[in-house]
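Everything below concerns the one structure shown next.
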C-alpha cells in the first residue's frame with residue numbers, strides 16, 4: 001500500500017501570514033511554533049528570509065500586488081513552503097500532496113450513493129432498504145433508480161477488485 005506523503009503533516013510557512021504579521025520587514029524575527037517543534041525565522045535583508053539557517057527569497061507576484069516565496073530548489077513562485085529533512089522548499093519539490101485529494105477515491109460511485117441516500121432521507125448504509133413512496137413521486141423514484149444503478153456498479157467494482165487480488169495471489173504462489 002502506498003503511504004501518502006501529506007503536506008498537512010509537515011511544518012509549513014505561509015507568506016501571507018508572515019506579511020500580515022510584519023515578519024517580511026528587515027530586522028524582523030520570530031520563533032515559529034509547530035506541532036513538530038519550532039523554527040527560528042529572521043529577515044536580515046530585503047527580499048530574503050532565513051528559516052533555521054536556510055535562506056528563502058521573497059519576491060512579488062508577477063501580476064498581483066502579493067508577496068510570494070521563491071522555492072530554493074526549483075525557483076518556482078509559491079505561497080507556502082514546507083520543511084522536510086531540514087530543507088525548506090515547495091510541496092512539489094518535496095513530493096507532498098494534500099490528503100483531501102486521495103480520500104474516498106478508491107470506490108467509484110460511493111460518495112454519490114451516500115449523497116443521494118441522504119437527499120431522499122434513506123439510511124446511509126449502501127444496499128440497505130429504501131422505504132417506498134407514492135407512485136406519482138417521480139423525482140424520488142428517479143433518485144432511487146440512480147441509487148440502484150450505482151449500487152450495482154459498486155458490486156461490479158468489488159467483484160473486479162477481489163478477482164484481481166485473487167489472481168495476483170495465485171500467480172505469486174507459483
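Computed FRET efficiency, Cβ-Cβ of residue 17 and residue 61, R0 25 Å: what is it to the nearest 0.05?
The formula returns an efficiency of 0.95 here.
Go ahead and run the numbers for FRET between residue 137 and residue 98, Cβ-Cβ distance against an R0 of 35 Å, rounding to 0.05.
0.30
Show me the ranking of peptides 55-66, 148-159, 89-100 by mean Cβ neighbours inside 10 Å, starting with the highest.
Peptide ranking by packing, descending: 89-100, 148-159, 55-66.
At 0.36 nm per residue, and after removing the present C-alpha to C-alpha distance, how many nm does the segment from residue 118 to residue 29 gain when stretched out fully?
Computed gain between residue 118 and residue 29 is 27.0 nm.
In whole Å, largest first, what are the principal axis extents of the Cα atoms in the range 7-99?
That works out to 32, 30, 20 Å along the principal axes.
So if each residue of separation counts as 0.36 nm, and I subtract the Cα-Cα distance between residue 46 and residue 159, what length gain in nm does that give?
Length gained, residue 46 through residue 159: 34.6 nm.
Mind ordering 128-135, 71-78 by average Cβ neighbours within 10 Å, highest first?
So the order, starting with the most tightly packed, is 71-78, 128-135.
Each value in this text was obtained by applying a stated rule to the coordinates, not by laboratory testing. Every value quoted in this text rests on a predicted model; they were computed, and no experiment measured them. Using ideal geometry, Cβ is built from the backbone for each residue, glycine included, and neighbour counts are taken over all protein chains shown.
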